Amino acid sequence: MNALEAQLDYPFGDTVPVPGAVREVVPGLRWARMPLPFALDHINVWLLDDELEERRGWSLIDTGAGTDATRAAWEQVLAQGLGGQPLVRVIATHCHPDHVGLSGWLSTRFGAPFWTTTGEFGFMRMMAAALPGVDGPSAIPHFERHGLVDAAMLDQMRSRRNYYPSLVPSVPEAYTRLQDGQLVTIGGQAWRVITGFGHSPEHASLYCAALNVLVSGDMVLPRISTNVSVFAVEPEGNPLQLYLDSLSKFADLPDDVLVLPSHGKPFRGLHTRIAQLRDHHVARLAEVIEACTTPRSATDIVPIMFRRPLDAHQLSFALGEALAHLHKLWRDGRLRRVIATDGVVRFQQI
């Protein structure tokens, strides 16, 4: 446990459910953990005892990626962890493949309606269809424009052209819309939708005042910072500002709320963690602006922000995050943007 983690309270300690098992968090709410084929090797999913349209069963929040290992873990959960009851609703916090990879499979299997925000539903449909702009090849000119010239790394990135469809083999064809401030009844309790931006198009966290529980998704994580990236489809975006603004939407929640994150362990200390995340980005912004005494591309900034070797998957997110910090400083009027004769975009202190 690092020094920042030590400031948080982990009510379950280091105990986490093994793949295929569930653990009760509070009465009527169970926690399962699904494997992921990345360095970030798991996602937490949440099951709430529920009744929807006279069907008794479980509402699920997030699904895991569409891999054989995750399907196998789900078969165990469904056979042994839910008392023989079906899923009656599938809810997605957002469109990333570790959150919706099995949404089509589970929704179809149980005839369970799919609930998410409009922004997330539209984006997952776009990426599942590999539409130009959000497919793998569209990222290559974007990365080249921001200084990536490593031919071997670019070839590895090109080979990921079917990355999203490979992890999200099917998506629901219809959805029920979640909106900011909406109260959704799950298990007889009211859950308030809190939308967030910067990490994904319209991320939905869910807060239940009666249970004092927040399903934070990826907006607030206890150990790592949420990825905030500029992507090819929105090349002029300012996602870091959107993300920091979104954190303010949790201000009215009690500090002792039990936070159920998508990665890591349940914790208490929401406002402490939000302060840590804000401090983290202040420090990264300071590093970035200090580096820009001479013109710097996003590729130049990556080793300043990420001091470890990165594979193609990690580098794509690192480049996006470096650019997000550059764009905030640019939009704040602290950096100017220069497009040189080589076509590469660079940023320099004003």
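The values are calculated or read from the model by the stated rules, or taken from the named source; none is laboratory data. Note that the structure is a prediction, hence the values are computed from the model and not measured. Please note: Cβ atoms are built from the backbone with ideal geometry, for glycine as well, and neighbour counts cover all protein chains shown. Areas reflect the complete protein model, heavy atoms only, side chains present, ligands, DNA and RNA absent. Shrake-Rupley method; radii C 1.70, N 1.55, O 1.52, S 1.80 Å.
For the residue pair Ser138 and Glu234, what label-to-label distance in nm results when each label sits 7 Å from Cα along the Cα-to-beta-carbon direction?
For the pair Ser138/Glu234, the computed spacing is 1.3 nm.
Using the beta-carbon distance between Arg331 and Arg158 and R0 = 35 Å, what value does 1/(1 + (r/R0)^6) give for FRET efficiency, to the nearest 0.05?
0.70
Report the one residue of Phe250, Val26, Cys208 whose Cα lies farthest in the direction of the positive end of the charge dipole of region 5-292 (charges on C-beta: Lys and Arg +1, Asp and Glu -1; origin at the Cα centre).
Going by the charge dipole, the pick is Val26.
Val282 versus Ala6, label points 7 Å from Cα toward the beta carbon: distance in nm?
Distance between label points: 2.1 nm.
Less than 11 Å Cβ to Cβ from Trp31, Lys/Arg counted +1 and Asp/Glu -1: what total charge do the surrounding residues give? Don't skip to the answer; put the middle values down first.
On the way: positive: Arg23, Arg30, Arg33, Lys265; negative: Glu24.
It works out to a net charge of +3.
Provide the packing ranking of 193-201, 211-219, i.e. peptides ordered by the mean count of other C-beta atoms within 10 Å per residue, highest first.
211-219, 193-201
What order, most packed first, do the peptides 237-243, 175-181 have when packing is the mean number of other Cβ atoms within 10 Å of each residue?
237-243, 175-181
If you roll a 1.4 Å probe over the chain with all protein chains in place, what percent of the accessible area is carbon or sulfur?
Accessible surface attributable to carbon and sulfur in the chain totals 53 percent.
Quick one: check the C-alpha center-to-center distance for region 332-350 versus region 210-271, whole angstrom.
Using only Cα atoms to place each centre, the spacing works out to 30 Å.
At R0 = 25 Å, how high is the FRET efficiency between Glu54 and Thr176 if r is their beta carbon distance? Nearest 0.05 is fine.
Calculated value: 0.90.
Rank Val233, Val88 by accessible area, highest first, at a 1.4 Å probe radius? Numbers along the way, then the final one.
Details: Val233 70, Val88 0 Å².
Ranking Val233, Val88 by accessible area, largest first, yields Val233, Val88.
With every protein chain present, what accessible area does Asp62 have (1.4 Å probe, heavy atoms only), rounded to the nearest 10 Å²?
0 Å²
For region 5-292, with every protein chain kept in place, what is the accessible area per residue (1.4 Å probe, Å²)?
So region 5-292 comes to 39 Å² accessible per residue, rounded to a whole number.
As a test of the formula, what do you get for the chain when each DSSP H run with n ≥ 4 contributes -39,500 (n - 2.57) and the sum is divided by the residue count, at 222 nm and rounded to the nearest 500 deg cm²/dmol?
-10000 deg cm²/dmol
At most 13 other Cβ atoms within 10 Å and a DSSP loop assignment: could you name the GluC sites (Glu not before Pro) in region 25-68 that fit?
Numbers: sites: Glu51, Glu53, Glu54; in loops: Glu53, Glu54.
Those satisfying the criteria are Glu53, Glu54.
Peptides 329-336, 25-32: what's the order by average Cβ count within 10 Å, highest mean first?
25-32, 329-336
Which entry in [x] 15.8; [y] 16.9; [z] 18.5 matches mean projected area of the Cα convex hull in nm² derived from the coordinates of this structure?
Label of the calculated value: [y].
Considering only protein heavy atoms, with the full assembly of protein chains and a 1.4 angstrom probe, order Glu75, Glu173, Glu24 by accessible area, largest first. Don't jump to the answer; show the numbers that get you there.
Numbers: Glu75 80, Glu173 160, Glu24 105 Å².
If we order Glu75, Glu173, Glu24 from most to least accessible, we get Glu173, Glu24, Glu75.
Any chance you could run the full-extension gain for Glu75 through Asp256? It's 0.36 nm times the residue separation minus the Cα-Cα distance, nm to one decimal.
Extra length available between Glu75 and Asp256 comes to 61.7 nm.
For Lys249, Lys265, what's the largest-to-smallest order of accessible area, 1.4 Å probe?
My answer, sorted largest first, is Lys249, Lys265.
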